[in-house]
């Protein structure tokens, strides 16, 4: 496809003039997909949402149906890689949850895991299959029959084949013109000197290899996923930016060493920390230098952007986790198994809070001295500089650290 008009993802920070002609990756760090998109007002830039060498689309949900008011907006500037996968199981009971019971890993039940499993088993439905309606109908029906056979063996309700085919085929008609080989698109952008920003969609500790396994997602959410997810080679990426909150959050089950009821209640009372997709209240804890230090290591962060610094505005004291106590041994990095994670106790140092509203600050000079000391201490623990802080949701509330 040619003449791609890039547009920026909602909530993304604009690319500054100083970041032009660079290929950067922005990776969220929290315990809490390959669609090429960008921005019309910066013609030399491209923003890419990247989540590993597979992106999952629930086609009927994504397009919202041809009668939905945002239907044209959702697809106007969309380019989808032909090797991407489509989920069929997002509205079905999670069979692994049925078997695991209270050992289940907190899945959102949106069909992500089963779709990745389909990829590994080489039986998945791919976006490329949509290009030919007759082939797509055959592939889709075959996979539905296989899924229904599995559901029957597990005693779970089967999908309505005709209803599923009708819904997905209607969505395929909308998406079909946007499906192409996006790898040449990316390489042409690199060769032409465009500034490219790959945005990680999920936190580093949801990475299937480096995260809090098995309480993870099904893909590589670390910086390496930008390469495997887009086909842009590692040596073309010259800047990796970590994104963290001033505190720590997690959605769903899994180990969480610095989890704290007081800070959770404090943040929830401010109307913060509810899951964007599920609406579930996030579990909250104090700043965790152990997690951030290890994440900076395996992601290769050049710098860190810290958001939600204003979440501490009314805290007289702030706890910072500097290590984990595992049965008397102090760990500088996270343990390997869930059993060890759950036995870890946080080792805290306590610093004074600043006890004032910083949401109106617009420069580093306006930030209170105690807040500056907190940011400096976090930079020391992480092992890379915190270069920007956020004191609110608006763009002008993102402040460069000096």
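Taken together, the values in this text are just the output of simple stated rules run on the coordinates, not laboratory data. Computed from a prediction, not measured in an experiment: that's the story for all the values here. Cβ placement follows ideal geometry from the backbone for every residue including glycine, while neighbour counts extend to all protein chains displayed.
With a point put 7 Å past each Cα toward its Cβ, work out how far residue 142 is from residue 356 in nm, to one decimal.
Reported label-point gap for residue 142 and residue 356 is 6.8 nm.
Which ordering of 186, 304, 154, 26 is given by a fewest-first count of other beta-carbon atoms within 10 Å? Working shown, then result.
On the way: 186 23, 304 26, 154 11, 26 20.
Arranged by neighbour count, lowest to highest, 186, 304, 154, 26 become 154, 26, 186, 304.
Considering the alpha-carbon set of the range 124-172 alone, what are its Rg and its Dmax in angstrom?
Answer for the range 124-172, Rg first and Dmax second: 11.3, 34 Å.
Rounded to the nearest Å, what's the spacing between the alpha carbon centres of the range 327-402 and the range 201-218? Just the number, please.
Distance between centres, Cα-based: 22 Å.
At 20 °C and 1.002 mPa s, grab the translational diffusion coefficient of the range 159-293 from Stokes-Einstein with a Kirkwood Rh over Cα pairs, rounded to a whole number in µm² per second. Working shown, then result.
Values: Rh = 18.3 Å.
In µm²/s, the coefficient rounds to 117.
Within 10 Å of each residue's Cβ, count the other Cβ atoms and sort 162, 303 from fewest upward. Before the final figure, lay out the partial values.
Details: 162 10, 303 17.
Taking fewest neighbouring Cβ atoms as first place, the list is 162, 303.
Subtract the Cα-Cα distance of residue 239 and residue 191 from 0.36 nm times their separation in residues, and report this length gain in nm to one decimal. Don't jump to the answer; show the numbers that get you there.
Details: separation 48, 0.36 × 48 = 17.28 nm, distance 1.70 nm.
15.6 nm is the gain from fully extending residue 239 to residue 191.
Considering all alpha-carbon pairs of the range 359-402, what whole percent are spaced by more than 15 angstrom? Don't jump to the answer; show the numbers that get you there.
Working: 372 of 946 pairs.
So the portion of pairs separated by more than 15 Å is 39 percent.
What shape does the range 242-400 take by its C-alpha gyration tensor, where a ≥ b ≥ c are the square roots of the eigenvalues and a/c under 1.5 counts as rounded, a/b above b/c as prolate, and the rest as oblate?
Values: a/c = 1.63, a/b = 1.36, b/c = 1.20.
Because a/c hits 1.5 or more and a/b exceeds b/c, the range 242-400 counts as prolate.
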